[in-house]
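Quick notes on the structure that follows.
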Amino acid sequence: MILAINTNAALDRVVFIDRFVPNTSMRTNRSALSIGGKGLDAALVLQTLGAPVKAVSFMAGKNGEILADLLDKNKIDKDLIWLPGETREANVIVETDFNRHSHITTYGYKVTRKDCDTLLARIALYAPQTQWAVMAGSLPEGAPAGYYREMIELLHSRGVKTLIDNQGAPMLEALAAQPEIVKMNQHEFQDTFKMPVENQEQLIQACLAQMEHHRIKSMVITCGKDGILVFTSEGILQGRCALEVKEINAAGAGDAVSAALAYRLSLGDSWSQALSWAVATSVAVIKTEGTAECYLSDIMEIYPNTWVKALK
C-alpha cells in the first residue's frame, strides 16, 4: 500500500479565463471544483494508476465536506481527522491565452500539538501495510517545522520508505531524517537552498552540491517543459515526453510525479522505468481541467512516447 499523507487540505476552485486584465471585469468560460492539497492530489493520481492507496489528512468545515465528497466520488480510501475551523480554498486561475496558472489561496484551519500527535498515531496504524509513504504540501498553522521529520522517523522505524515533496524550513528539517526521495520543482529548490541557477548545467551542479552536503539519497527536480531530473547513487537521469501536448491545466502535475515514482518503485521498477511513468502521468494531468486529474487511457497512450537518458 502507498500511504498519501496530507497535512494542509484545500478545495481547489479552478477558473478559466482568456487572460487576467487588471482593473477590468472578467468572465470565466468555465470552472470546476477539484481535490486540493498535494498529498490528496497524489492520492487521486495513485487511485487512477490502480495503486492500493490510503489517504490520511486533516479536514475542517464546509469546504472540507465538499472535499471529502470529491474523495468519495473518486473512490479514494481515506481517513480524515476533523478539526475546528475551515479548510483552505485555493483559487486556481488558468489563463488560456498563455497556458499558465496561478494560485490565490485562503487561510485554513490551525492545528495543535495534540492534533499533530493524532495524525502521527494514524500513520503508525497504517505503517505495517505500507511500502511507501508520500508526504507533500505545506504545513498548517500550528504544526512544528520539524513535523515531516517526525513522520519520516516514525515511518523508517516501521520499515516504510518515504518521499517528501516540500520546500523551505520544513524540507530542511526533514532532510535530517534521510527520506528515500526528496522531490521539488526547480523554483522550490532555488528558494529552499538559496542557490539561484540560470541553466540546466548550473542546476545539476547545485543539486549535486546539496545532495553531498545533506547526504540526500535521491533527488527529483521537476523543470516544467524541460522535463524531470532524477539524481540517484546510480547516476543522473532526465525524462521528457516526445509528444506536443496542449496544456489545459498544469496544477497537480508535480504531484503526479510523486505518485507515479512511489508506485512504480514499489513494484520493483528501475529508476529509468519509474521515471518514464512519472513523465507520462504528469503529462496526462496537464491535459485535463481539474487539479491532478488524469485518465489511465491517456497515461498508456503517452507512455511509449516518453524518453529517459543518462546525463554525465
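List of remarks:
- Selected residue (only one of ASP298, ASP255 is closer than 25 Å to VAL197 by Cα, in contact with a Lys or Arg (Cβ under 7 Å, 6 or more places away or on another chain), part of a helix (DSSP H, G or I) and not aliphatic (A, V, I, L, M)): ASP255
- Among the residues of segment 91-142, those that are in contact with a strand residue (DSSP E or B) (Cβ under 8 Å, 6 or more places away or on another chain), over 30 Å from ALA32 (Cα atoms) and of a type in the set (A, V, I, L, M) comprise ILE123, ALA127.
- Looking across segment 139-162 at every residue that is part of a helix (DSSP H, G or I) and of a type outside the set (D, E, K, R), the one that is nearest to the chain's Cα centre (by Cα) is identified as TYR148.
- Applying the condition of being free of Cβ contacts under 8 Å to residues at least 40 places away in the same chain and in a loop (DSSP other than H, G, I, E, B) to segment 219-233 and asking which residue is farthest from THR162 (Cα to Cα) yields CYS223.
- Annotation: of all residues in segment 83-138 being at pLDDT below 95, among the β-branched types (Val, Ile, Thr) and not in a strand (DSSP E or B), the one that is surrounded by the fewest Cβ atoms within 10 Å (Cβ to Cβ) is THR106.
- Residue-level check: of (1) under 30 Å from VAL94 (Cα atoms); (2) out of contact with any Cys (no Cβ under 7 Å at 6 or more places or on another chain), SER218 misses just (1).
- Annotation note: of LEU243, LEU261, the sole residue that is among the aliphatic types (A, V, I, L, M) and under 21 Å from the mean Cα position of the chain (by Cα) is LEU261.
- For ILE236, the conditions (1) in a helix (DSSP H, G or I); (2) modelled with pLDDT of 95 or more all hold with the exception of (1).
- Residue, surrounded by the most Cβ atoms within 10 Å (Cβ to Cβ), within segment 53-76, restricted to residues that are over 13 Å from ALA9 (Cα atoms) and within 18 Å of the chain's Cα centre (by Cα): VAL53
The values are calculated or read from the model by the stated rules, or taken from the named source; none is laboratory data. Values in this document were obtained by computation on a predicted structure and should not be read as measured data. Every residue, glycine among them, receives a Cβ derived from its backbone with ideal geometry; neighbour counts consider all protein chains shown.
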